[in-house]
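Asks: What follows is a single structure, and I will ask about it in a moment.
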Amino acid sequence: MAKFSWDAEGVSLPSFDLVTIQDWIVRVADSHNKVVGRLGYLFYDDEAMLAANRQYLGHDYYTDIITFDYSNGERISGDIMISLDTVRSNAEALGESYHRELLRVIIHGVLHLCGIDDKGPGEREIMEANEDAALALVEVGECFT
């Protein structure tokens, strides 16, 4: 059974319709033949994400998401850290709405847990296609209160 946690530190937790978003996440995982176990979403500002990126990954740069994978077989589980500052700046740079970009990042972490990578040759395009397919399954306006 899926178990979600949503927390924020140094930023306000986005005004989600949690039932809609959680149902969407479960549907996306199911479309990849995965079952959602425990997913913890943690929202931060850029400085906290930079510190986490340095501490856990040894990377000295800002990022929108860090995914910690605790999955076992078909059951996906993990902690997903998201910088709301970077999500906002990326949305502006891409000409996307903040809410759509936030949903893209939320599902990006789930797709990583489903086994989709984005660092190797051609992988970024595969990830983007899967993000687009996932976003097509939900109405952005229904996900926020």
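The values are calculated or read from the model by the stated rules, or taken from the named source; none is laboratory data. Since this is a predicted model, take the numbers as computed values, not measurements. Here the Cβ is made from the backbone with ideal geometry for all residues, glycine too, and neighbour counts use every protein chain on show.
Asks: Within the range 42-60, is there a residue that is in contact (Cβ under 8 Å) with a residue 60 or more places away in the chain, surrounded by 14 or more Cβ atoms within 10 Å (Cβ to Cβ), touching a strand residue (DSSP E or B) at 6+ places or on another chain (Cβ under 7 Å) and not β-branched (V, I, T)?
Replies: no
Asks: Which ones in the range 94-141 are surrounded by fewer than 12 Cβ atoms within 10 Å (Cβ to Cβ) and of a type in the set (D, E, K, R)?
Replies: D117, K119, E125, D132, E139
Asks: Of all residues in the range 99-133, how many are within 12 Å of the chain's Cα centre (by Cα), over 19 Å from M81 (Cβ atoms) and of a type in the set (G, A, S)?
Replies: The number of residues fulfilling the criteria is 0.
Asks: Which of the residues belonging to the range 86-114 are closer than 15 Å to L42 by Cβ and in contact with a Lys or Arg (Cβ under 8 Å, 6 or more places away or on another chain)?
Replies: Across the range 86-114, the qualifying residue is only L113.
Asks: To continue, here is another question. Determine whether the range 15-24 contains at least one residue that is over 15 Å from I106 (Cβ atoms) and modelled with pLDDT of 95 or more.
Replies: So far as the range 15-24 goes, no, none of its residues is over 15 Å from I106 (Cβ atoms) and modelled with pLDDT of 95 or more.
Asks: Looking only at the range 12-39, count how many residues are assigned to a helix (DSSP H, G or I) and closer than 13 Å to S71 by Cβ. Full working, then the answer.
Replies: Looking only at the range 12-39, we keep the residues that are assigned to a helix (DSSP H, G or I), and these are 18-31.
Filter once more, so that each one left must be closer than 13 Å to S71 by Cβ: 29.
Number of matching residues: 1.
Asks: Looking only at the range 69-93, filter to residues that are hydrophobic (A, V, I, L, M, F, W, C) and buried (at least 16 other Cβ atoms within 10 Å of the Cβ); which one of those is farthest from V35 (Cα to Cα)? Spell out how you get there, then give the answer.
Replies: Here is the first cut: in the range 69-93, the ones hydrophobic (A, V, I, L, M, F, W, C) are 76, 80-82, 84, 87, 91, 93.
From what is left, the residues that are buried (at least 16 other Cβ atoms within 10 Å of the Cβ) are 76, 80-82, 84, 87, 91.
Values: I76: 6, I80: 17, M81: 20, I82: 22, L84: 27, V87: 27, A91: 30 Å.
Here the answer is A91.
Asks: If you don't mind, another one. Looking only at the range 1-12, how many residues end up being loosely packed, with under 14 Cβ neighbours inside 10 Å and under 16 Å from the mean Cα position of the chain (by Cα)?
Replies: 3
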